[in-house]
Structures are given as C-alpha cells and as structure tokens.
Ligand code: GLN
C-alpha cells in the first residue's frame, strides 16, 4: 500500500478503534511497542487510556529516549486524551514521575472535568474539518490550560477551554474521535500533519 506507515502506540489503551478508523481511510498501521517498531513508522498515533500507566510502560519498554528523539526530529503525531497528555509540554495533576514529551507546547490538566461529569458528549465546531460540528466524546478527559506561541487552538468547549490543538505536525484532542463513524479528525491528521490524501472506503 502506498502512503505513510502509521504507528499505533500499543502499550495500553484504546488502540483498536484507531486502527479501524485508519484502516477505513486506507492507511497501513503497525503496532508500536519497541524501539525497532518505532523506527519503522512515518507517524504515530497515541491513543486514549491511562497516561500514567502508559508512561510507566514507555519507560519499561525503553521507548522514552527513542520517542523523544523522533518527536524532536519532527515525527508527526496524533494524541487523543491520554495521548494528548503524553505529547504535552506540561502535565497538571499528573503523577510526579509521569513522562511527557513536550511535542506540543501546551499544559494539560488531567481529569479536568471532575468526577461529577467525568464523561460526556457534545458537538463541537472544529477548525479545518468543514462546517459540520464534530461529535466529541470525553472520557475522564484532560483540558488545555496553557497554550504556547505557535500552537493553534482548533476547538474549545463552551467555557472557552481548548480541547483540540495543533502545532506543526502534532495534533491533539481531549476527546475520542475514534469513537464513532466520523473520520474527519483522523483525515485532518493525515492530510495536514502527515501530508497524505486519504480515500475513505
Ligand atoms: N484520565 C486519563 C489520564 O489521565 C485519560 C483518559 C482517557 O484517555 N480517556 O490518562
């Protein structure tokens, strides 16, 4: 298959739904658990899950240095929910030893919507995916509390807090665009960050 080889960080979390979304777009995906696998991919999706657990597994699997190096060399990356936390510059309410890569200059607060509304769904306008809002599912989601220069805010919740951001080849969302039939956020990553035109099946 032509086009990029997309890696899915498969240490923990919601890997399968991303794979299905990407396969529906005709993209070849490989699971990444080792530095050898990481070296073979052109872009990386980091799924939702539990960012502190993912952090421990990144350390155990010897992926922290290789991933930091690839990201600093411009590896396109798409992080959803826990994946957004892993890619952020700063984690608020994280574990003290929790790793993040600073691939996008944002500070994110974990579990930012609190226990009362730890999961909810809403329709959000999202820049660059067309006029129809995106149906966004939030599950114990982080929000962005600081956005650095050079970071574009693509979507916010009602109170104005950012929940989708992009900086260069790195795209992050607080919500889970892989949960549902709408592939536009994955397409946005592929077309703008990876530079590939997809053909939905
Ligand atoms: N609350 C989780 C964390 O801190 C993220 C939840 C998710 O990915 N759905 O990592």
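Taken together, the values in this text are just the output of simple stated rules run on the coordinates, not laboratory data. This structure is a prediction, so every number in the text was calculated from the model and none was measured. Glycine gets a Cβ as well: all are built from the backbone with ideal geometry, and neighbour counts include every protein chain shown.
The distance separating the Cα centre of segment 122-201 from that of segment 27-70 comes to 21 Å.
Per-residue ellipticity at 222 nm computed for the chain from its helices equals -6000 deg cm²/dmol, with DSSP H segments shorter than 4 residues left out and the rest contributing -39,500 (n - 2.57).
Considering only alpha-carbon pairs that sit under 8 angstrom and 6 or more positions apart, the relative contact order computed for the chain is 20 percent. Were the residues from residue 184 through residue 31 laid out at 0.36 nm apart, the gain over their Cα-Cα distance would be 52.9 nm. Is segment 87-201 rounded, prolate or oblate when judged by the Cα gyration tensor, a ≥ b ≥ c being the square roots of its eigenvalues, rounded requiring a/c under 1.5 and prolate requiring a/b larger than b/c? It is oblate, given that a/c is not under 1.5 and a/b is not larger than b/c.
Shape class for segment 101-150, computed from the alpha carbon gyration tensor (a ≥ b ≥ c): oblate, with a/c not under 1.5 and a/b at or below b/c. Label-to-label distance, residue 121 versus residue 69, with points set 7 angstrom from Cα along the beta-carbon direction: 4.4 nm. Per residue, the Cα convex hull of the chain amounts to 106 Å³.
Using a cutoff of 8 angstrom between alpha carbon atoms and counting only pairs six or more residues apart, the relative contact order for segment 11-51 works out to 57 percent. Fully extending the segment from residue 161 to residue 146 would add 4.5 nm, taking 0.36 nm per residue of separation and subtracting the current Cα-Cα distance. Under the criterion of Cα pairs below 8 Å and six or more residues apart, the relative contact order for segment 68-182 equals 28 percent.
Summary of packing: across the peptides 100-106, 46-52, 76-82, the per-residue average of other C-beta atoms within 10 Å ranks them, highest first, as 76-82, 46-52, 100-106. Bridge orientation summary for segment 74-142: considering DSSP beta bridges with both residues in this region, about 60 percent are antiparallel.
A full extension of the chain between residue 24 and residue 97 corresponds to an added length of 22.6 nm, given 0.36 nm per residue minus the alpha carbon distance.
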